[in-house]
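> Here you go, one structure.
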Amino acid sequence: MKTLQVNIVTPDGPVLETEADMVIATTETGELGILPDHIAMVAPLKIGGLRVQKGDSTDVVAVHGGFIEVRPEVVTVLASAAETADTIDVARAKIAENRAKAKLQAEKDEKELRLAELELQRAINRIRVGEGKF
Ligand code: ATP
């Protein structure tokens, strides 16, 4: 059976390089399931989980925005930050969640509010993926 090469890359370096049967990504327009021989495309990603399925096992990677590039045999994700579930520090993400919530309560500046909203989304995403709830 054909497989996909999956590469998830951030400015800190590669986060995951593996073979997969299927990838499910959270794009700005909804969930996208990718099998080998998928048509070539590029799509922006939402802050969310990316599921990488191989046989009976599924790895979930927390991806914080960025882009997915699909080619028939290769899926590449470029994101400003991404973590595999086993590398997520859930306690740190909970601290970040509380900090972002406090900022959302106190902050008046619209740009700062937007940044705090994104911080909150990243923290919630890390908690969900880190706790295996994605
Ligand atoms: P924090 O305030 O905890 O740093 P953040 O949302 O500001 O969270 P980012 O700017 O998105 O963090 O990421 C900075 C770096 O830290 C990235 O390399 C990211 O992968 C890593 N990182 C952030 N939070 C966690 C976490 N909870 N567990 C593991 N790595 C994390």
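> Which of (1) closer than 16 Å to I8 by Cα; (2) within 16 Å of the ligand (Cβ to nearest atom); (3) in contact with a strand residue (DSSP E or B) (Cβ under 6 Å, 6 or more places away or on another chain) does T18 not meet, given it meets every other one?
Going through (1) closer than 16 Å to I8 by Cα; (2) within 16 Å of the ligand (Cβ to nearest atom); (3) in contact with a strand residue (DSSP E or B) (Cβ under 6 Å, 6 or more places away or on another chain) one by one, T18 breaks only (2).
> So, in the range 55-75, exactly how many residues are assigned to a strand (DSSP E or B) and over 16 Å from N7 (Cβ atoms)?
Restricting attention to the range 55-75, the residues satisfying the condition of being assigned to a strand (DSSP E or B) are 57-64, 67-70, 74-75.
Now narrow it down to the ones that are over 16 Å from N7 (Cβ atoms): 57-58, 60, 62, 64.
Residues that pass the stated criteria total 5.
> Next up: Give the number of residues within the range 102-132 that are in a helix (DSSP H, G or I) and within 13 Å of the ligand (Cβ to nearest atom). Write out each step before concluding.
To start, the set of residues in the range 102-132 that are in a helix (DSSP H, G or I) comprises 102-106, 110-130.
When the remaining residues are screened for being within 13 Å of the ligand (Cβ to nearest atom), the result is 102-103, 115-130.
Residues that pass the stated criteria total 18.
> Take the range 64-82 and flag every residue that is near the ligand (Cβ under 10 Å from one of its atoms) and either of a type outside the set (S, T, Y) or in contact with a helix residue (DSSP H, G or I) (Cβ under 7 Å, 6 or more places away or on another chain) (or both).
Within the range 64-82, the subset near the ligand (Cβ under 10 Å from one of its atoms) is 64-65, 79-82.
Residues satisfying the conditions are H64, G65, A79, A81, A82.
> Consider V52 carefully, then state whether it is more than 16 Å from the ligand (Cβ to nearest atom) and touching a residue at least 12 places away in the same chain (Cβ under 8 Å).
Details: more than 16 Å from the ligand (Cβ to nearest atom): yes; touching a residue at least 12 places away in the same chain (Cβ under 8 Å): yes.
Judged against the criteria, V52 is a match.
> Given the condition within 16 Å of the ligand (Cβ to nearest atom), part of a loop (DSSP other than H, G, I, E, B), at positive phi and within 13 Å of the chain's Cα centre (by Cα), answer yes or no: does some residue in the range 83-99 qualify? Don't jump to the end; show me each part of the working.
Filtering the range 83-99 for residues within 16 Å of the ligand (Cβ to nearest atom) gives 83-99.
Now restrict to residues that are part of a loop (DSSP other than H, G, I, E, B): 88-89.
Now restrict to residues that are at positive phi: none.
So far as the range 83-99 goes, no, none of its residues is within 16 Å of the ligand (Cβ to nearest atom), part of a loop (DSSP other than H, G, I, E, B), at positive phi and within 13 Å of the chain's Cα centre (by Cα).
> Kindly evaluate V52 against the criterion of being assigned by TED's automatic domain parsing to the domain that holds L78, over 18 Å from A81 (Cβ atoms) and assigned to a strand (DSSP E or B). Full working, then the answer.
On the way: assigned by TED's automatic domain parsing to the domain that holds L78: yes; over 18 Å from A81 (Cβ atoms): no; assigned to a strand (DSSP E or B): yes.
In short, no.
The values are calculated or read from the model by the stated rules, or taken from the named source; none is laboratory data. What you are looking at is a predicted structure, and each value in this text was computed from that prediction instead of being measured. Backbone-built Cβ (ideal geometry, glycine too); neighbour counts: all protein chains shown.
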